[in-house]
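Taking it in order: structure first as structure tokens, then the write-up.
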Amino acid sequence: MGKETSSSGNDHSTAENGGFKLVGFKDFVRVNPKSDHFAVKRFHHVEFWCGDATNTARRFSWALGMPIAAKSDLSTGNSAHASYLLRACGGELQFLFTAPYASSICNSASAAIPSFSADAHRAFAATHGLAVRAVALVVEDTRAAFSASVSRGAKPVSEPVTLNNQVVLAEVHLYGDVVLRFVSYLSDASAVTFLPGFEAMDGTASFQDLDYGIRRLDHAVGNVHELAPAVDYLKSFTGFHEFAEFTAEDVGTAESGLNSVVLANNDETVLLPLNEPVYGTKRKSQIQTYLEHNEGPGLQHLALTSEDIFRTLREMRKRSGIGGFEFMPSPPPTYYKNLKSRAGDVLNDEQIKECEELGILVDRDDQGTLLQIFTKPVGDRPTMFIEIIQRVGCMMKKEDGQLYQKGGCGGFGKGNFSELFKSIEEYEKMLEAKQATRAGEVSSSTMIYECDSVIH
């Protein structure tokens with residue numbers, strides 16, 4: 001469990017563990033030392049382990065507007081696992097859903113993911129429910145990345161494996177039961193359908209024409225018991241630098257809070273925030289709730305970038321009650337009444353009105369503006385959820401004249417955390433009230449049954 005701290009997180013901000021010291025948003029100074037220990041290009045994919053890959057993939061496809069692009073299953077000669085790949089328009093965002101086949105037919109040699117283990121999958125699913133197993137990065141050289149990581153303390157999970165002389169995969173431990181997967185290509189990446197062993201889905205596959213405007217993975221957030229050792233571990237083997245940090249004073253409410261650090265690669269295209277709970281608050285931290293229901297550390301949420309968040313939310317909300325994702329309750333009307341004074345130079349009156357209608361939150365830093373919204377948990381447990389964002393501003397020009405947006409433009413919603421936390425707190429209170437009511441009903445029913453038994 002995490003070290004007990006005050007509700008403000010001050011005990012943690014002054015405590016040092018290795019090279020880590022949490023100073024908070026106000027005193028944090030962003031510096032990019034270009035300290036990566038191996039060349040990291042971008043996110044490659046995120047793999048979910050689930051009990052039924054077919055239906056889970058279809059639900060996410062429908063909810064997010066990401067077509068099912070490739071498969072590896074019995075029809076492709078894979079008797080170890082069924083895996084279905086969702087790919088957003090443009091190809092930068094890829095979600096993989098994997099489930100095991102029966103032990104009696106399983107041939108591990110046929111697995112498209114060489115590190116796949118049916119026993120590990122079943123233990124993972126029993127412990128965590130629907131959850132992320134792997135966060136994959138495109139690196140220049142998988143073998144070099146694996147060697148550099150392990151030599152600096154990373155816990156090896158899967159040694160480098162070359163697939164069909166085209167792709168090299170390897171894995172190291174990230175946090176909890178989540179792995180960091182390295183992917184590098186020995187030939188033209190466009191010549192490979194995701195990975196060897198996968199086949200492209202034909203035009204008759206369901207939801208092939210979906211596109212709600214979601215384009216890439218902005219950041220992947222993990223929850224851990226203790227921030228300091230997790231940050232030190234990840235920094236030590238990757239060389240990633242601290243991109244931002246927040247304490248409960250920055251992002252908490254009167255009832256609960258968290259401490260958070262965001263780590264980034266040299267190009268700041270891979271952002272990996274880490275959260276820990278704080279203690280001594282009126283209510284249990286949402287991070288602690290996650291850790292209990294997930295039965296340990298894990299990936300809490302994925303932030304997906306939209307090229308037009310209004311279009312994305314209109315489409316996603318249409319499907320909320322028919323197989324899509326539901327969203328956390330919107331903030332009160334006063335939030336949007338004050339929005340014009342906070343962001344009127346970026347959003348016009350019509351856009352501000354649409355933010356209110358769709359429940360979109362708006363925040364900004366000294367460089368740009370962030371529009372964001374959060375789904376409710378996407379599985380049975382109050383654990384993993386999805387964040388939809390759009391960043392506005394921070395446009396830079398490369399040496400070749402190509403425009404790009406700086407990583408983390410507009411921040412991470414510091415000004416909205418209190419609204420999000422209040423929303424989550426109200427959601428948890430609703431669940432607690434229903435559980436208490438149900439417990440009372442069961443207790444009354446038991447008493448009636450016992451009395452009835454005595455009478456008869």
Of all residues in segment 100-109, which are open to solvent by less than 60 Å² (accessible area, probe 1.4 Å) and either touching a residue at least 40 places away in the same chain (Cβ under 8 Å) or assigned to a loop (DSSP other than H, G, I, E, B) (or both)? Y101, A102, C106
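Residues that are more than 22 Å from the chain's Cα centre (by Cα) and within 30 Å of P297 (Cβ to Cβ): which strands (runs of 3 or more DSSP E) entirely in segment 142-226 hold 3 or more of them?
Working: elements: 156-163, 167-175, 178-185, 214-223.
Correct list: 156-163.
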So which of G408, G401 ends up being over 18 Å from G324 (Cβ atoms), open to solvent by less than 20 Å² (accessible area, probe 1.4 Å) and modelled with pLDDT under 95? G408
Filtered residues of segment 76-109 (kept if modelled with pLDDT of 95 or more, more than 19 Å from the chain's Cα centre (by Cα) and of a type in the set (V, I, T)): T76
Has segment 202-214 got any residue that is of a type in the set (S, T, N, Q) and within 24 Å of T238 (Cα to Cα)? no
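Report, by residue number, each residue of segment 350-384 that is in a helix (DSSP H, G or I) and either open to solvent by less than 80 Å² (accessible area, probe 1.4 Å) or touching a residue at least 60 places away in the same chain (Cβ under 8 Å) (or both).
Keep residues of segment 350-384 that are in a helix (DSSP H, G or I), which gives 350-358.
Those that are in a helix (DSSP H, G or I) and either open to solvent by less than 80 Å² (accessible area, probe 1.4 Å) or touching a residue at least 60 places away in the same chain (Cβ under 8 Å) (or both): Q351, I352, E354, C355, L358.
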Among residues of segment 149-193, those that are of a type in the set (D, E), open to solvent by less than 60 Å² (accessible area, probe 1.4 Å) and farther than 23 Å from L272 by Cβ, counted: 0
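Please pick out the residue among L347, L302 that is buried (at least 17 other Cβ atoms within 10 Å of the Cβ) and modelled with pLDDT of 95 or more.
None of the other options fit; the residue is L302.
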Hits in segment 111-141 - residues which are surrounded by fewer than 17 Cβ atoms within 10 Å (Cβ to Cβ) and farther than 21 Å from E295 by Cα: E140, D141
Residue within segment 56-75 that is surrounded by fewer than 18 Cβ atoms within 10 Å (Cβ to Cβ), among the hydrophobic types (A, V, I, L, M, F, W, C), farther than 23 Å from L299 by Cβ and at pLDDT 95 or above present: yes
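The values are calculated or read from the model by the stated rules, or taken from the named source; none is laboratory data. Here the structure is a predicted model, which means the values were calculated and not measured. We place every Cβ from the backbone using ideal geometry, glycine too, and count neighbours over all the protein chains shown. These area figures cover heavy atoms from the full protein model, side chains too; ligands, DNA and RNA do not enter into them. Shrake-Rupley method; radii C 1.70, N 1.55, O 1.52, S 1.80 Å.
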